[in-house]
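Remarks on the structure that follows.
The values are calculated or read from the model by the stated rules, or taken from the named source; none is laboratory data. Remember, it's a predicted structure, so these values are computed and weren't measured experimentally. Counting neighbours? That spans all protein chains shown, and the Cβs are built from the backbone with ideal geometry, glycine included.
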Amino acid sequence: MLTKIVPRTPIKGGFGDFSNSLFVVFSSLGIAFLTGCANVIPPCNAKTSPPSSELRNTKWELTRWNLAPNSSGEVRTRQIPQGESSNPIQISFDANGQRVSGSTGCNRFTAQLDEDNRGFTLTKIVSTKMACTPQRNELENDFLYELNDYRSIVRNGDQLLMIGADREVLSFTQRPNINK
């Protein structure tokens with residue numbers, strides 16, 4: 001018995017158009033999901049709460065400060081001046097993995113690094129008390145507060161993000177460590 005195959009002509013507004021529309025919608029969503037991952041903070045391939053051993057003997061410079069989202073959900077950035085005598089805000093992890101130190105742009109600070117299975121925290125933060133401009137003092141106090149109150153740390157290659165309980169994000173870029 002022979003069966004004749006007749007090409008189907010699409011019916012406008014029928015199931016064929018609907019399934020094609022669904023295919024286009026889901027394909028677009030899939031592509032958006034896969035490419036959108038690159039714009040997520042923290043990035044998809046970043047390592048959350050890296051062990052302090054991965055940060056030993058490294059130096060980081062604050063390059064961006066995202067403030068907590070406002071009531072409209074918009075993320076704003078805080079201006080980061082270079083500091084007194086062009087000193088940037090920096091943090092360095094020691095070679096033993098027990099201390100961090102750095103510069104607020106005006107004063108120097110140091111802290112103890114305590115680690116457990118959830119990650120590490122900075123405790124016993126102390127700083128010098130040199131005279132700074134009032135604006136610099138405010139930035140320094142806010143920076144030291146964020147170091148004391150961050151909730152998670154994320155490393156993505158040469159980027160280090162410290163995310164505070166208040167949802168502010170300090171973004172650091174790795175710099176060469178000349179104290180090796």
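For the stretch 49-73, what are the residues that are closer than 19 Å to ARG151 by Cβ and either crowded, with 18+ Cβ neighbours inside 10 Å or among the hydroxyl-bearing types (Ser, Thr, Tyr) (or both)?
SER49, SER52, LEU55, TRP60, LEU62, TRP65, ASN66
Could you say whether any residue in the stretch 91-103 is farther than 24 Å from SER53 by Cα, surrounded by 17 or more Cβ atoms within 10 Å (Cβ to Cβ) and at pLDDT 90 or above?
Checked the stretch 91-103: no residue is farther than 24 Å from SER53 by Cα, surrounded by 17 or more Cβ atoms within 10 Å (Cβ to Cβ) and at pLDDT 90 or above.
Got at least one residue in the stretch 38-48 being loosely packed, with under 11 Cβ neighbours inside 10 Å, of a type outside the set (A, V, I, L, M, F, W, C) and at pLDDT below 55?
Looking for residues that are loosely packed, with under 11 Cβ neighbours inside 10 Å, of a type outside the set (A, V, I, L, M, F, W, C) and at pLDDT below 55, one finds at least one in the stretch 38-48, hence yes.
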